[in-house]
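This report concerns only the one structure given below.
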Amino acid sequence: MFTDNSTISRGRKILLALLGLALVGVLIWVFIDNNTPQATIITTIVPQDASIKLNSKPYSTRATQRIKPGVYQVVISKEGFIEYTTAITITVDEPYQLSYIMEEVGGGFEYLKRNPSDNQLVTEIGDSYWLDRELELIRKYPITEFLTFRNAVLTITYRFREPDNIDSFFILVQAPTGIRNGAVQRIYDLGFDPADYIIEFEDYENPFGSNS
């Protein structure tokens with residue numbers, strides 16, 4: 001098949017024009033992206049070797065970082081700890097302080113005693129929030145002052161269905177089949193009426209009815 005030089009020349013011009021438009025588009029996108037106002041997020045997560053992701057993108061657990069303003073889904077996780085998820089809105093108006101102290105699976109913060117650097121970081125964060133939260137818990141749910149309770153055969157602890165919602169509190173009993181009624185008796189022995197609380201038993205029928 002014969003193709004004259006004028007046809008080839010026109011094809012090259014069209015290709016060059018398309019490449020030029022693409023380059024202009026890239027340059028415009030880079031300009032807009034570079035000139036988009038940036039927000040600031042300050043992350044302080046304990047333990048420091050946890051994983052933190054904002055909209056599935058990893059971030060440092062202890063740093064001041066620049067970020068585009070917007071709504072972010074936060075996931076903080078680490079093996080052996082209760083995963084924490086929340087949604088935050090970051091604006092250019094002021095730095096967003098994201099501080100969180102993870103709780104071990106099974107309840108408590110015993111790991112802080114084993115990790116001086118993490119324990120020091122908690123002090124730097126300021127323990128006033130956690131003290132206020134603990135006092136609020138004790139005022140609303142006095143039994144928390146005695147939990148987590150453990151012995152050789154059972155554990156009585158508490159959880160929140162929503163991490164930031166104190167009203168989502170419930171008691172979790174972990175015990176082998178056959179002795180779980182002993183956990184109910186233990187709550188009585190502590191001076192509390194089990195019927196006053198939402199109690200969940202792992203693979204066990206709640207004697208106080210539905211937990212919903």
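Among the residues in the range 143-152, are any in a strand (DSSP E or B), surrounded by 11 or more Cβ atoms within 10 Å (Cβ to Cβ) and at pLDDT 80 or above?
Looking for residues that are in a strand (DSSP E or B), surrounded by 11 or more Cβ atoms within 10 Å (Cβ to Cβ) and at pLDDT 80 or above, one finds at least one in the range 143-152, hence yes.
Within the range 78-124, how many residues turn out to be loosely packed, with under 13 Cβ neighbours inside 10 Å and assigned to a strand (DSSP E or B)?
Count: 4.
Restricting the search to the range 61-77, which residues are exposed (fewer than 14 other Cβ atoms within 10 Å of the Cβ) and part of a loop (DSSP other than H, G, I, E, B)?
Lys68
Looking at the range 167-190, which of the residues that are surrounded by 13 or more Cβ atoms within 10 Å (Cβ to Cβ) and within 25 Å of the chain's Cα centre (by Cα) is nearest to Tyr100 (Cα to Cα)?
The extreme case among them is Phe169.
Quick check on Glu162: is it within 21 Å of Pro194 (Cα to Cα) and at pLDDT below 85?
no
With the condition kept exactly as written, say whether any residue in the range 32-39 is modelled with pLDDT under 90 and in contact with a strand residue (DSSP E or B) (Cβ under 9 Å, 6 or more places away or on another chain).
Yes, there is a match, as at least one residue in the range 32-39 is modelled with pLDDT under 90 and in contact with a strand residue (DSSP E or B) (Cβ under 9 Å, 6 or more places away or on another chain).
Matching residues to (1) closer than 28 Å to Glu134 by Cβ; (2) over 15 Å from the mean Cα position of the chain (by Cα):
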| site | (1), (2) |
| --- | --- |
| Asp49 | yes, no |
| Lys57 | no, no |
| Arg62 | yes, no |
| Gln73 | yes, no |
| Glu83 | yes, no |
| Glu103 | yes, no |
| Arg114 | yes, yes |
| Asn119 | yes, yes |
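What's the total number of residues in the range 160-199 that are touching a residue at least 40 places away in the same chain (Cβ under 8 Å), closer than 16 Å to Gly106 by Cα and out of contact with any Ser or Thr (no Cβ under 8 Å at 6 or more places or on another chain)?
Matching residues across the range 160-199 total 1.
Mind telling me which of the residues Ala195, Ala175 ends up being in the same structural domain as Glu134 (by TED's automatic domain parsing), modelled with pLDDT under 85 and not hydroxyl-bearing (Ser, Thr, Tyr)?
Ala175
The values are calculated or read from the model by the stated rules, or taken from the named source; none is laboratory data. Keep in mind that this is a model prediction, so the values were computed, not measured. With ideal geometry, Cβ positions are generated from the backbone for all residues, glycine too; neighbour counts draw on all protein chains shown.
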